[in-house]
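J.: Before anything else, here's the structure in question.
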Amino acid sequence: MIGDYTLMFRPVLKTIGAAAIMLMFAAQISAAQEVGAVSKLVGLAKLTHRGNESAVVVAMPVSIGDKIRTMKNAQVSVMFRDGSSAELGESSYLSIDSYALAGSTRTAGLLALWAGRLRTIVKVATGSEPSFEVHTPNAVVAVRGTDFETAFIDNRPCPEDHSCMRYTTVGVSKGIVAVSNPSNPAPPTEVREGYETTVACESAATSPAPLGMEDLGAPGYH
């Protein structure tokens, strides 16, 4: 009789087993998508995860595809699993478009700054140069182990071209970045420690000049 019951419920057991495996696999995928966590919060900020928006709190997990928006006088810092970090200034908007990890080592990363200011400190393992980029609506910043600041300003005249009302500025505190405009065929501009560049509208990145961007590096931003 017991054998008969076992035979009777075998299809059900198989279904339950398959469902359990699928749930476990889905959980593993979800965990793998978590690439860091909020390490610091000042003021009010919102995080959108899979379409659901919630208030940011310290230690909140951050995953690929998440979007973070800060309010006025707010700041959010994210510590990624590879040791790199991103500090989002006030009235700013960031999305984590991709972040590939092999254990605790980053192999690729892409952050998109849609508004405001972002300071990024990129960690690179000895002897390697993993891909890491920060994108804005009109610029691509390719990074090689560095500490740099990016700002995207909209609806304000660009200091380099007053006829342009949207621009990106990039200032490097440590390391090197290559800055380009995806809509302009000009080659990337290499910016070294202590220098900055500006990308105005559809123009190429300007020649590097000594650091001194307006607003970037303002008190409380670092």
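J.: If I ask for residues that are not in a strand (DSSP E or B) and not hydroxyl-bearing (Ser, Thr, Tyr), which ones from segment 130-165 would you list?
T.: Initially, segment 130-165 is screened for residues not in a strand (DSSP E or B), giving 130, 137-138, 155-157, 159-160, 162-165.
If the condition is that a residue be not in a strand (DSSP E or B) and not hydroxyl-bearing (Ser, Thr, Tyr), then 130, 137, 138, 155, 156, 157, 159, 160, 162, 164, 165 are the ones that fit.
J.: Test residue 131 against the criterion of being modelled with pLDDT of 95 or more and over 21 Å from residue 89 (Cα atoms), and give yes or no.
T.: No.
J.: Let me ask something additional. Given the criterion surrounded by 13 or more Cβ atoms within 10 Å (Cβ to Cβ), within 13 Å of residue 138 (Cα to Cα) and at pLDDT 95 or above, identify the matching residue among 189, 198. Before the answer, list the steps.
T.: Details: 189 fails: within 13 Å of residue 138 (Cα to Cα).
The conditions single out 198.
J.: Across segment 85-114, what is the number of residues that are part of a strand (DSSP E or B) and polar (S, T, N, Q)?
T.: Step one: filter segment 85-114 for residues part of a strand (DSSP E or B), giving 85-88, 93-102, 105-114.
From the residues that got through so far, the ones that are polar (S, T, N, Q) too are 85, 95, 98, 105, 107.
So the count comes out to 5.
J.: Given 89, 83, which one is in contact with a Ser or Thr (Cβ under 9 Å, 6 or more places away or on another chain), modelled with pLDDT under 95 and within 21 Å of residue 146 (Cβ to Cβ)? Reasoning before the result, please.
T.: Working: 89 fails: modelled with pLDDT under 95.
After applying the criteria, what remains is 83.
J.: Collect the residues in segment 135-156 that are at pLDDT 95 or above and either of a type in the set (S, T, N, Q) or in contact with a Cys (Cβ under 7 Å, 6 or more places away or on another chain) (or both), keeping them in residue-number order.
T.: Selection gives 136, 138, 150.
J.: What number of residues within segment 149-167 satisfy the criterion of being surrounded by 15 or more Cβ atoms within 10 Å (Cβ to Cβ) and without any contact (Cβ under 8 Å) to a residue 40 or more places away in the chain?
T.: The qualifying residues number 6.
J.: So residue 72 clears everything in (1) among the basic types (Lys, Arg); (2) at pLDDT 95 or above; (3) not in a loop (DSSP other than H, G, I, E, B) except one condition, right? Which one?
T.: Of the numbered conditions (1) among the basic types (Lys, Arg); (2) at pLDDT 95 or above; (3) not in a loop (DSSP other than H, G, I, E, B), the odd one out for residue 72 is (3).
J.: Could you tell me whether segment 196-208 includes any residue that is free of Cβ contacts under 8 Å to residues at least 40 places away in the same chain, in a strand (DSSP E or B) and touching a Pro at 6+ places or on another chain (Cβ under 8 Å)? Before the answer, list the steps.
T.: As a first pass, look at segment 196-208 and keep what is free of Cβ contacts under 8 Å to residues at least 40 places away in the same chain: 196-197, 204, 207-208.
This time we only want the ones that are in a strand (DSSP E or B), so: 196-197.
Subsequent filtering for residues that are touching a Pro at 6+ places or on another chain (Cβ under 8 Å) retains 196-197.
Yes, the conditions are met somewhere in segment 196-208.
Each row is one residue, and each column tells you yes or no for (1) in contact with a His (Cβ under 6 Å, 6 or more places away or on another chain); (2) closer than 16 Å to residue 33 by Cα; (3) surrounded by fewer than 18 Cβ atoms within 10 Å (Cβ to Cβ).
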residue	(1), (2), (3)
82	no, yes, no
87	no, no, no
96	no, yes, no
100	no, yes, yes
104	no, yes, yes
117	no, no, no
122	no, no, no
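J.: Answer yes if at least one residue in segment 146-155 is farther than 24 Å from residue 202 by Cα and not aromatic (Phe, Trp, Tyr), and no otherwise.
T.: Kept after step one, since they are farther than 24 Å from residue 202 by Cα, are these residues of segment 146-155: 146-147.
Among the residues that remain, those that are also not aromatic (Phe, Trp, Tyr) are: 146-147.
Checked against the condition, which is being farther than 24 Å from residue 202 by Cα and not aromatic (Phe, Trp, Tyr), segment 146-155 yields at least one hit.
The values are calculated or read from the model by the stated rules, or taken from the named source; none is laboratory data. Only a predicted model underlies this, so the values are computations on that prediction, with no experimental measurement involved. Note: ideal-geometry Cβ built from the backbone for every residue, glycine included; neighbour counts use all protein chains shown.
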